[in-house]
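Single-structure report; data block below.
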Amino acid sequence: MRKLVIATKNEKKKKELIKLLKGLNIKILNLSDLKMHLPHVVEDGRTFRQNAVKKALTFSRYIKELILADDSGLVVEALDGKPGVRSSRFAHTKAKDEENNAKLLKLMKDVPLKKRGATFVSVVAIAKEGNLIGTRRGECKGTIGFEPEGKNGFGYDPLFIPKGKSRTFAQFSSSFKNRISHRAKAVKKAKSIIKKCL
Ligand code: IMP
């Protein structure tokens, strides 16, 4: 059976990706399953696409299997697109999710409801043996709440209220998030690239 390696060290993101990739006739591995010494990839791109491509290409030079990397984050209108590609290290380089959420809420404390629009973005890149096979992008629109709500998910989920809903991603089940999320949309599109490589 062909194999696909998910190139992320974020455990919760990895779990989501594994669920989203179900249905492909492929064995899914994580970087940690490979027990290899792999380089640290500095995410210094200006766009999600640049970072996703950099991660996928870098690991594909060390691992012979098909590589899937995701770069994702939250784009907040009132903050001119921040935290964007810096979403995981918004408060500081080793920030915990709670610290990033606290910083976001602080910056938005005077922003009224109708100006709290935000978009989650995910770009998935597929690479093999040093060659980029393709990238796919998914977006999910919503608003930023006034305080953290809910325990599910990760990152900014306790603050993100998907469009048309009144609860945060962290208050919904993972199966609901996995139907409408930015990552779900990107992975759904990427599946056709993966199928062509099988
Ligand atoms: P990456 O690992 O560099 O792609 O960082 C992604 C960061 O964006 C995460 O650490 C979260 O802060 C944020 N993020 C991306 N996707 C999600 C999501 O689905 N829910 C909540 N936060 C997310």
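Read-outs throughout are calculated quantities, based only on the coordinates presented, and are distinct from any laboratory measurement. Here the structure is a predicted model, which is why all the values come from computation and not from measurement. Virtual Cβ from ideal backbone geometry, glycine too; neighbours counted across all protein chains shown.
Find how much the distance from Val41 to Glu98 grows on full extension, using 0.36 nm per residue of separation minus their present alpha carbon separation; answer in nm with one decimal.
Computed gain between Val41 and Glu98 is 18.1 nm.
Just grab the label-to-label distance for Lys15 and Asn30, each label 7 Å out from Cα along the Cβ direction, in nm (one decimal).
Modelled inter-label distance: 1.0 nm.
Full extension from Glu77 to Lys22: what is 0.36 nm times the residue separation minus their Cα-Cα distance, to one decimal in nm?
Extending this stretch completely gives an extra 16.5 nm.
For the chain, what relative contact order do you get, as a whole percent, if you take Cα pairs closer than 8 Å and at least 6 residues apart?
About 20 percent, as a whole number.
Please work out how much length the chain gains when fully extended from Tyr62 to Lys196, using 0.36 nm per residue of separation minus the C-alpha to C-alpha distance, in nm with one decimal.
The span from Tyr62 to Lys196 would gain 46.0 nm if fully extended.
Please list, or write none, the aspartates and glutamates whose alpha carbon is within less than 17 Å of the alpha carbon of Lys189, excluding same-chain residues fewer than 8 places away.
Here the aspartates and glutamates satisfying the reach criterion relative to Lys189 are Glu16, Asp70, Asp71, Glu139.
Arrange the following residues from fewest to most other Cβ atoms within 10 Å of their Cβ: Phe48, Phe59.
Phe59, Phe48
Please list 169-182, 94-107 highest first by mean number of surrounding beta-carbon atoms within 10 Å per residue.
Peptide ranking by packing, descending: 169-182, 94-107.
For Gly155, what is the net charge nearby, where nearby means another residue's Cβ is under 15 Å from its Cβ and Lys, Arg count +1, Asp, Glu -1?
+4
Longer than 20 Å from Cα to Cα, which of Lys151/Lys177; Lys13/Lys185; Lys165/Lys188; Lys19/Lys94 are they? Say none if no pair is.
From Lys151/Lys177; Lys13/Lys185; Lys165/Lys188; Lys19/Lys94, over 20 Å: Lys165/Lys188; Lys19/Lys94.
How large is the dipole of the chain about the Cα centre if only Lys and Arg carry +1 and Asp and Glu carry -1, each at its Cβ, rounded to the nearest 20 debye?
Roughly 720 debye for the chain.
At R0 = 30 Å, how high is the FRET efficiency between Lys109 and Ser175 if r is their beta carbon distance? Nearest 0.05 is fine.
About 0.35, to the nearest 0.05.
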